[in-house]
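Notes to accompany the following structure.
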Amino acid sequence: MIDGLVAGRLMGDASRRVDKTGRGYVVARVLARNRADEEFIVNVIAFEDAPCASLLALADGDAVSLAGALTPKVWTDKQGLVRPSLDMIAARVLTASDAAPGGH
């Protein structure tokens, strides 16, 4: 895994899930772009309370920055093109409300 920082926009709403042992976690997808304006889908999972709460407070299209462990992947779209993606275990989540005066 790679330690990384990703900024982008939430794709859909984050959702809370529970594993077989009853442990809660949150999953989300973020659309990020690089300097060449290429799009990357970041599949995010969070286990700790603070990043889980931050992700659940966001809505589709909200800007977000995430820090955590990244794993590069590839996927094939419907046209057969191979595209890059990233899996991230989010340790920290920063939103616009965090940067505003009086934010978290």
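Observations on the model:
- Per-region count, segment 19-48, residues open to solvent by 40 Å² or more (accessible area, probe 1.4 Å), hydrophobic (A, V, I, L, M, F, W, C), in contact (Cβ under 8 Å) with a residue 24 or more places away in the chain and touching a Phe, Trp or Tyr at 6+ places or on another chain (Cβ under 8 Å): 2
- Sole residue being open to solvent by 100 Å² or more (accessible area, probe 1.4 Å) and under 16 Å from A96 (Cα atoms), chosen from L66, L55, L5, L10: L5
- Residue match in segment 44-66 (condition: of a type in the set (D, E) and farther than 16 Å from A14 by Cβ): no
- Residue list for segment 9-56, filter: on the phi < 0 side of the Ramachandran plot and among the small types (G, A, S): A14, S15, G24, A28, A32, A36, A46, A50, A53, S54
- Checking A28 against (1) among the hydrophobic types (A, V, I, L, M, F, W, C); (2) over 22 Å from M1 (Cα atoms); (3) at pLDDT 95 or above, the condition it does not meet: (2)
- Checked against (1) closer than 15 Å to V6 by Cα; (2) modelled with pLDDT under 95, G22 passes all but condition (1).
- A46 meets each of the listed conditions (1) in contact with a Cys (Cβ under 6 Å, 6 or more places away or on another chain); (2) at pLDDT below 90; (3) not basic (K, R) apart from (2).
The values are calculated or read from the model by the stated rules, or taken from the named source; none is laboratory data. In this text, all values refer to a predicted model and were calculated from it rather than measured experimentally. Quick reminder, even Gly has a Cβ in these numbers, built from the backbone with ideal geometry, and neighbours come from all protein chains shown. Side chains are part of the model used for accessible areas, which takes the heavy atoms of the whole protein and leaves out ligands, DNA and RNA. Shrake-Rupley method; radii C 1.70, N 1.55, O 1.52, S 1.80 Å.
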